[in-house]
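Report on the structure given below.
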Amino acid sequence: MTAPAAMIEVTDLRKEFGSFVALDDVSLEIREGEFFSLLGPSGCGKTTLLRLIAGFQEPTAGTIAISGESMAGVPPNKRPTNMVFQSYAIFPHLDVRSNVAYGLKRLKLPPEEVASRVARALEIVDLKGLESRQATQLSGGQRQRVALARALILKPKVLLLDEPLSALDKALRELMQVELRTLQRSVGITFVLVTHDQHEALAMSDRIAVMFGGRIAQVATPRELYEAPASRQVAAFIGGMNFLNADLTGTANGTMRFAAEAIGEVEIQSGAGCDPSRFAGKKIVLGVRPERLRIMADKPLEGAAIGGTLTGATYFGESTYYYVTVPGRAQPIIVSAANGNGAQNFSEGAAVHITWDAAALVPLV
Ligand code: ATP
């Protein structure tokens, strides 16, 4: 099977606002039919990158090509892109049908074609039957669907979405995440989503670019990002993680040995991306996700384990975060335990043990 063709190619992109550098040396390739997210904290440059792809701003340096064609000097309405904004910009004085048909106006199509395309677009976003509703009589989720239908009806090659769900409440946002993902699969259009919400990016994307300070830190699938983050900064941004200070004490036969706080000597396979030269002379930590640790009352008969005291717990319903204070480390180690059938509960002050598999430890700088 051949890899899907590149839909968007961004090369050495730079954007300055006066003396401020909003994007620096950004290169990335977004594939045809991909659901791609730009994820990062506020101010990292993700909206700027989206606006450059849309053509609302021109880069200071570097190039953007869509479908193999350079976008230099091409205005937004001549690009094969369409944008859906956070504040779903729909016309309050128009009904649903007219809002969705609006984008087709300048194409001067026969009325029958407009009617059938509007009907199809409303079907895709599940708004059939609401054609005559005024925009002011719609819920937030319905308004966002109108905005999506209005963008999709123009059949763009690329749909650019700038925090499209952030104005919705949590339950509706989660529902719309699933719907948007299903919709993207069914229409096959390349989606580029800007979000600062890691759960949203993980749940919806084929691949994610994580950005900090105008630069791309890592581009990977959700699973790779979570399980093999490229740096401590990426690991800290995506989900919870314990960081144990460590020193590299030796390498041999494809393994690296570390001396780490709290857990002592460990041996880790130096697989792909774990080249020992990455760590030379750097401040190293071993990252371990709370759910990759196990908490138990008794010391296990075999395998690595450390003893500690339970100093706190946070109950999340499906799981509980336990905070365990251990010798040799100032902050407690966080262990996540699922609250499934037969799950054991631990009370504050209890003596407990933590165990792990070496594969759960990720060396990071
Ligand atoms: P958020 O999640 O808060 O929207 P973001 O990652 O999308 O953040 P951008 O909107 O891309 O961030 O902004 C990146 C940086 O560039 C910010 O520091 C912002 O203040 C700055 N910036 C963006 N647009 C302009 C502009 N027109 N003039 C000057 N500075 C700008």
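Against the condition out of contact with any Phe, Trp or Tyr (no Cβ under 9 Å at 6 or more places or on another chain), within 16 Å of the ligand (Cβ to nearest atom) and closer than 29 Å to Met71 by Cα, how does Leu165 come out, does it pass? Answer is yes for this residue. Sort out which residues of segment 3-27 are more than 15 Å from the ligand (Cβ to nearest atom), among the hydrophobic types (A, V, I, L, M, F, W, C) and surrounded by 15 or more Cβ atoms within 10 Å (Cβ to Cβ), and write them in order of number. Ala6, Met7, Ile8 - these are the residues of segment 3-27 that are more than 15 Å from the ligand (Cβ to nearest atom), among the hydrophobic types (A, V, I, L, M, F, W, C) and surrounded by 15 or more Cβ atoms within 10 Å (Cβ to Cβ). Within segment 29-46, residues that are touching a residue at least 40 places away in the same chain (Cβ under 8 Å) and farther than 9 Å from Val194 by Cα reach partners that are in a loop (DSSP other than H, G, I, E, B) and near the ligand (Cβ under 8 Å from one of its atoms) with beta carbons closer than 8 Å, at six or more positions or on different chains, in the pairs Pro41/His196; Ser42/His196; Cys44/Gly214; Gly45/Gly214. Taking the conditions (1) within 12 Å of the ligand (Cβ to nearest atom); (2) modelled with pLDDT of 95 or more in turn, Phe85 satisfies each one other than (2).
Might you check whether a residue that is of a type in the set (A, V, I, L, M) and under 26 Å from Ser42 (Cβ atoms) occurs anywhere in segment 177-185? Give the steps one after another, and end with the answer.
Filtering segment 177-185 for residues of a type in the set (A, V, I, L, M) gives 178, 180, 183.
Those left that are additionally under 26 Å from Ser42 (Cβ atoms): 178, 180.
Taking every residue of segment 177-185 in turn, at least one turns out to be of a type in the set (A, V, I, L, M) and under 26 Å from Ser42 (Cβ atoms).
Please specify each residue of segment 182-203 satisfying the condition of being assigned to a helix (DSSP H, G or I) and within 16 Å of the ligand (Cβ to nearest atom). Result: Gln198, His199, Glu200, Ala201. Scanning segment 242-261 for residues that are farther than 21 Å from Glu227 by Cα and free of Cβ contacts under 8 Å to residues at least 24 places away in the same chain yields a total of 5. If the condition is being more than 31 Å from the chain's Cα centre (by Cα), surrounded by 12 or more Cβ atoms within 10 Å (Cβ to Cβ) and either among the hydroxyl-bearing types (Ser, Thr, Tyr) or more than 20 Å from Asn345 (Cβ to Cβ) (or both), then segment 272-304 contributes only Ala304.
Tell me whether segment 97-108 contains one or more residues that are more than 16 Å from the ligand (Cβ to nearest atom), within 25 Å of Ile124 (Cα to Cα), more than 27 Å from the chain's Cα centre (by Cα) and assigned to a loop (DSSP other than H, G, I, E, B). Steps first, please.
Residues of segment 97-108 more than 16 Å from the ligand (Cβ to nearest atom): 97-108.
Imposing the further condition that a residue be within 25 Å of Ile124 (Cα to Cα) reduces the set to 97-108.
Restricting the remaining residues to those that are more than 27 Å from the chain's Cα centre (by Cα) gives 97-108.
Cutting the leftovers down to assigned to a loop (DSSP other than H, G, I, E, B) gives us 108.
Checked against the condition, which is being more than 16 Å from the ligand (Cβ to nearest atom), within 25 Å of Ile124 (Cα to Cα), more than 27 Å from the chain's Cα centre (by Cα) and assigned to a loop (DSSP other than H, G, I, E, B), segment 97-108 yields at least one hit.
Considering Thr320, Thr309, Thr251, the condition of being in a strand (DSSP E or B) and at pLDDT below 90 is satisfied by Thr251 alone.
When the residues of segment 204-223 are narrowed to those that are of a type in the set (D, E, K, R) and within 22 Å of Glu174 (Cα to Cα), which ends up nearest to the ligand (Cβ to nearest atom)? Step through it out loud before you land on a result.
Taking segment 204-223 first, the residues of a type in the set (D, E, K, R) are 206-207, 215, 223.
So of that shortlist, the ones also within 22 Å of Glu174 (Cα to Cα) come out as 206-207, 223.
Working: Asp206: 21, Arg207: 18, Arg223: 24 Å.
Restricting to residues being of a type in the set (D, E, K, R) and within 22 Å of Glu174 (Cα to Cα), the top hit is Arg207.
Name every residue in segment 28-62 that is near the ligand (Cβ under 9 Å from one of its atoms), in a loop (DSSP other than H, G, I, E, B) and among the polar types (S, T, N, Q), in order of residue number. Steps first, answer last, please.
Of segment 28-62, the ones near the ligand (Cβ under 9 Å from one of its atoms) are 38, 40-51, 57.
Restricting the remaining residues to those that are in a loop (DSSP other than H, G, I, E, B) gives 40-45, 57.
The answer is Ser42, Gln57.
The values are calculated or read from the model by the stated rules, or taken from the named source; none is laboratory data. On a predicted model such as this, the values are computed, not experimentally measured, just so you know. All Cβ positions, glycine included, derive from the backbone under ideal geometry; neighbour counts span all protein chains shown.
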